[in-house]
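For reference, the structure discussed in these notes is given below.
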Amino acid sequence: MKIRTGNILNQKQQSLQVPFLNKVRGLCFVFMLLAIFADFTGNKATAQESKVVPTASDSAKITEKPHSPRKATILAAILPGAGQIYNRKYWKVPIVYAGYATFVYFIVFNTKNYNDFTDAYNFVNTVYPPTPPFLFPQPPNSLAVEYNSSQLKEGKEYYRHNLEVTYILTGLWYILTVVDATVDAQFFDYDIGSNLTLHIKPWAPEMGSNKIPGFAGGLNLSLRF
């Protein structure tokens, strides 16, 4: 019986070439990531080395009084937007007043409609004594002619409910602006510090430990604070 040793060796060589090529491609990918991160960290180190020399204005800023959350809260409570200005968040001031303008618009709108429906409802449900035609009171608005008593009552209740909801939302918006100013003031002087660092490193399995066909690899993230 003849043993085909040549075919067996060829099959072994072909079976070993596939994982070897995968590992070579994986190592090339890892080296490429290392080069990218080395360039990134080199630029970061260069930027850190070029530190600005402290000046007299910097030392003066250190001696300034810390930012006061209590003052920011009082300012925001007295005048909407004043707390945001104190916190130097000027871009929030238009948002604060845009919210108030929206709620004021709906308050005026719902109040007008509520008063119109109320006047019309009271007019329809009022019994007038017999009077000459020219002395008969005129309707307060067109609603008294277009709708009956039940419809006027329903419209009056509808706009009264909307008016109450608008008042509640306006109060919540006021509280939200005050809380926003307080929170911003709390973090105004917050210093993250130089100890907070995030390291990103490429990862690849050791030679011979990868049992999954194909390339396996990833990134290691480490946060220090």
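The values are calculated or read from the model by the stated rules, or taken from the named source; none is laboratory data. For clarity, every value in this text was computed on a predicted model and none was experimentally measured. With ideal geometry, Cβ positions are generated from the backbone for all residues, glycine too; neighbour counts draw on all protein chains shown.
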Item to check | Any hit, region 159-166, residues being at pLDDT 95 or above and of a type in the set (Lys, Arg) | outcome: yes
Checklist outcome for this item: In region 137-192, anything part of a helix (DSSP H, G or I) and among the aromatic types (Phe, Trp, Tyr) is listed as Tyr158, Tyr159, Tyr167, Trp173, Tyr174
Next on the checklist: Which of the numbered conditions does Ile192 fail, given that it passes all the others? Conditions: (1) closer than 30 Å to Ile95 by Cβ; (2) at pLDDT 75 or above; (3) of a type in the set (Val, Ile, Thr); (4) exposed (fewer than 13 other Cβ atoms within 10 Å of the Cβ).
Outcome noted: (2)
Item to check | Enumerated helices (runs of 4 or more DSSP H) restricted to region 42-102, each holding at least 2 residues that are modelled with pLDDT under 90 | outcome: 56-62
Next on the checklist: Suppose we keep only residues that are among the hydroxyl-bearing types (Ser, Thr, Tyr) and modelled with pLDDT under 90 within region 116-138. Which one would you say is farthest from Gly155 (Cα to Cα)?
Outcome noted: Thr131
